[in-house]
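In what follows, a single structure is set out as C-alpha cells and then discussed.
The values are calculated or read from the model by the stated rules, or taken from the named source; none is laboratory data. Quick caveat: nothing in here was measured; it's all calculated off a predicted structure. Cβ: placed from backbone, ideal geometry, glycine included. Neighbour counts: every protein chain shown. Surface accessibility is based on the protein's heavy atoms, side chains included, excluding ligands, DNA and RNA. Shrake-Rupley method; radii C 1.70, N 1.55, O 1.52, S 1.80 Å.
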Amino acid sequence: MSDQIKHECGIAFIRLLKPLSYYQEKYGTALYGLNKLYLLMEKQHNRGQDGAGIATIKLDVKPGHRYISRYRSMAQNAVADIFGYVHNKFVDIQNDTPELMQDAEWLKQNVSFIGEVLLGHLRYGTHGKNSIENCHPFLRQNNWMTRNLVIAGNFNMTNVDELLEQLYELGQHPKEQADTVTVLEKIGHFLDDENQELFDTYKKEGLSNVEITHKISENLNIAHILRRSAKTWDGGYAISGIVGNGDAFVLRDPSGIRPAYFYQDDEIVVAASERPAIQTAFNVGFNEVQEIKPGHALIVKKNGTVTQEIFREPQEKRACSFERIYFSRGSDAAIYRERKQLGRLLIDQILKSVNSDLKNTVFSFIPNTAEISFYGLVEGLHKYIKKVQKDTLIGRKDALSDQELDELLSMAPRVEKLAIKDVKLRTFITADADRKEMVAHVYDTTYVVIKNDVDTLVAVDDSIVRGTTLKQSIIKIIDRLHPKKIIIVSSAPQIRYPDCYGIDMSKLGQFVAFEAAIQLLKARGMENIIDEVYVKCKASLLLPKEEIINHVKDIYRPFTQEEISAQITKIITPKDTIAEVEVIYQTLDNLHIACPEHTGDWYFSGNYPTPGGNRVVNKAFVNWREGSDQRAY
C-alpha cells in the first residue's frame, strides 16, 4: 500500500496442557511456552509496531505467592525488548546455578513469567493515545484468584458510549472512555457476578470458604459469562482472556470480521490472529490450524478441557477482505492464492487501457505488499499471450514468415522493478513544505528501461486510500523515466467509506474516492445532494442504531466507477506531469471472486455487517460537513 494505514492488532495465546517438567524433559527447556510465545509474536510483528505486551499465569500456586506476571513495552522493537527483559531473569541462574535451569518446578516457584497460560499482544494504535497504559494485556486485579482477569484483543467497538452507559447503570465508574476498558469491565462485572452466585450456592451447602474457592474454580461457566458480557457489543473483535485460576478463552465476533485461528494437540492449545504464525511456530500443516467460528469462544478450562461454544448468535460471515488484500502476511497459502487471483482479474481492464499493445508496455509494482498481486497479473499475461499465439497459429490461412513467427513466439510481458522504497529515509521534518519535499524522495527508481515517449508503464498497487504518496512521490518519480503513459492499478476496489472495526480509516475527507465524488457533484451542479445527505445523516443519529441506513451511498450513486476513477486520476496527477496518467481499480465483483470466504467489503461497498457501522458512516459524513476532525466512534 503506497499510503500507510494502521490497524489493530495481533494476539497470541498459549496454554500448556502438560506439567512444565514434561517440556523440560521432551524439549530440553522449561521455557518452552515463552519461546513459542516469542515466535508467535515475532511472526505477527506486521500487526503492531506501536507497542506490545505479555502476561502469564501459573497454575495451582500456593496462597502468598505471585502467580500473574505482566510486562509491556513501547520500545522500537517492543517484542525483542519484552523477551530480553524476561530472559534477563535467567542470566544469573544460568551463570551461578545452571543445574536449576533444569528444575522446572523450582523455576515455576521462584521466577516470574514461568507459567502454563501465556498471552501476548501487538498493538497498532489507530486512535488511542500511544502510551504504555494503552498497551495490552489489560489486567483487572482482585484478591480472589477467580476474580482476576487479563485480556488482550484485536477489536474496535462502534457503540462505546452505549457500553459505558451500561457500566454506569451497573454502578461502575470506568476510568477511561475506551472500548478496551469497557470490554474489560463488562467481562469483569459478570465474572464477579458468577463468582458471587457460586459462592452463595456453595455457602448454603455448608462448605467452608477454602472449599468454596476450589469449587468456584472448577465450576466457573466461562461461556455464560461471555454471553452476558457480549450481549450488546457492536463491532469487530477477536479477544483473548485469562481468569486468575487459569481458565482461558479466545472469542470472535458474530460476523467473523476479525481473524482468529487455533491449533491443539495433547501438549498445547494455541491461538493467534494469523494462521502462518501458528504453522511456523509449531511446525504444523495448513489444515491442522482451524478458524475460530464467528460468534464462538474457544474455551480452555483449568483442567485442560477444550471446547468451542457459542456466546453470540452467529451472523452471515463478513470476514474483513482487507486482511486478505493487505494486512495479513502473504505467507498464508490461501491469502497467497487470493492475492495472485486479484492480480489476474485485472487483466481485461489493463489490456483495454493499453490497446493490447504488450510490445510497448512495461509492468511493475509499487510497494512490496503489491508483489504477490503483481505475480498473479504476470501469470495472467502469460496465459493471454499463449492464447494469442494459439489463435494466430490456428487462424492464419497462409503460412507465417520467419520474422512473423519469431515475433509471435517471442511475445512476453516486459516486467521490471522500477520503484524501490528507500527504507532508511525517514520523513522526520514536520513543516509541510519541507516534508513534501522529503516524501518525494522516499522512492528510488531504475533508469534506462523505458523507451522515451513510447512505452506505457503499468504499476500495480494493492490499494489506494488517500493518494498522497502517489501524487507527492511515485508519479513524479515515474514521470522522470519519460513514459508515454502511466497506469496506476489498484488490486483493491475504491475505498469509499470509513472502517470502524479496527483499521485506521475513520474520516471520509481522507479518501481520494470521496474527494473525487464531491468534486464531481459540485462540477455538475449537483451540490444539493451533499446538503440532502447531510440532513439525512444528521437526522439518523437520533434513531436507534438498528434503524439507521447508510445515506452516504447517495454521494456516489450518480456516478460510475469509471467516472470516479477518472476524477481520482485528476486529483493525484501532479501539475507538471508530462505523461498521460490513468488509474484503474479492481471491481467489487472480482474482489468477491478472488476472496469468496472473506466478503467483508464495507469500506468499498458501504454494506456494514453491524448496525453500528451505519451510524458511524453517517456520523463521519456529518463530521466532514461540519468541519470536525473527530473520529465518528
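Structure data summary
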| read-out | value |
| --- | --- |
| Odd one out for ASP92 among (1) modelled with pLDDT of 95 or more; (2) out of contact with any Pro (no Cβ under 7 Å at 6 or more places or on another chain); (3) farther than 21 Å from TYR27 by Cα; (4) not β-branched (Val, Ile, Thr) | (1) |
| Residue check, ILE593 aliphatic (A, V, I, L, M), open to solvent by 60 Å² or more (accessible area, probe 1.4 Å) and under 27 Å from SER364 (Cα atoms) | yes |
| Selected residue [modelled with pLDDT of 95 or more, touching a helix residue (DSSP H, G or I) at 6+ places or on another chain (Cβ under 9 Å), more than 22 Å from GLU133 (Cα to Cα) and open to solvent by 10 Å² or more (accessible area, probe 1.4 Å)] from LYS43, LYS36 | LYS36 |
| When residues of the stretch 468-499 are limited to those that are assigned to a loop (DSSP other than H, G, I, E, B) and open to solvent by 30 Å² or more (accessible area, probe 1.4 Å), the one nearest to ASN590 (Cα to Cα) | ARG496 |
| Helices (runs of 4 or more DSSP H) contained entirely in the stretch 204-310, each with at least 1 residues that are polar (S, T, N, Q), at pLDDT 95 or above and open to solvent by 30 Å² or more (accessible area, probe 1.4 Å) | 209-219, 275-282 |
| Enumeration of residues in the stretch 1-27 that are at pLDDT 95 or above, open to solvent by 40 Å² or more (accessible area, probe 1.4 Å) and not aliphatic (A, V, I, L, M) | LYS18, PRO19, SER21, TYR22, GLU25, LYS26, TYR27 |
| Candidate set: the stretch 341-357, residues that are open to solvent by 10 Å² or more (accessible area, probe 1.4 Å) and not in a loop (DSSP other than H, G, I, E, B); chosen: the one nearest to CYS595 (Cα to Cα) | GLN341 |
| Selected residue [part of a loop (DSSP other than H, G, I, E, B), in contact (Cβ under 8 Å) with a residue 24 or more places away in the chain and acidic (Asp, Glu)] from GLU316, GLU338 | GLU316 |
| Which numbered condition ASN360 misses (of (1) out of contact with any Lys or Arg (no Cβ under 8 Å at 6 or more places or on another chain); (2) in contact (Cβ under 8 Å) with a residue 24 or more places away in the chain; (3) surrounded by fewer than 17 Cβ atoms within 10 Å (Cβ to Cβ)) | (1) |
| Test: residue in the stretch 160-177 that is at positive phi, at pLDDT below 95, open to solvent by 40 Å² or more (accessible area, probe 1.4 Å) and in a loop (DSSP other than H, G, I, E, B) | yes |
| Subset of the stretch 66-104 that is of a type in the set (Val, Ile, Thr) and farther than 26 Å from CYS9 by Cβ - its residue that is most open to solvent (accessible area, probe 1.4 Å) | VAL91 |
| Unique residue being touching a Phe, Trp or Tyr at 6+ places or on another chain (Cβ under 9 Å), at pLDDT below 95 and not acidic (Asp, Glu) when the list is ILE503, ILE475 | ILE503 |
| Hits in the stretch 506-517 - residues which are open to solvent by 10 Å² or more (accessible area, probe 1.4 Å) and modelled with pLDDT of 95 or more | GLU515 |
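Per-residue answers, yes or no, for (1) at pLDDT below 55; (2) touching a helix residue (DSSP H, G or I) at 6+ places or on another chain (Cβ under 6 Å); (3) open to solvent by less than 70 Å² (accessible area, probe 1.4 Å):
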position: LYS390; (1), (2), (3): no, no, no
position: ILE429; (1), (2), (3): yes, yes, yes
position: MET438; (1), (2), (3): yes, no, yes
position: THR446; (1), (2), (3): no, no, yes
position: VAL449; (1), (2), (3): no, no, yes
position: ASP453; (1), (2), (3): no, no, no
position: VAL460; (1), (2), (3): no, yes, yes
position: VAL465; (1), (2), (3): no, no, yes
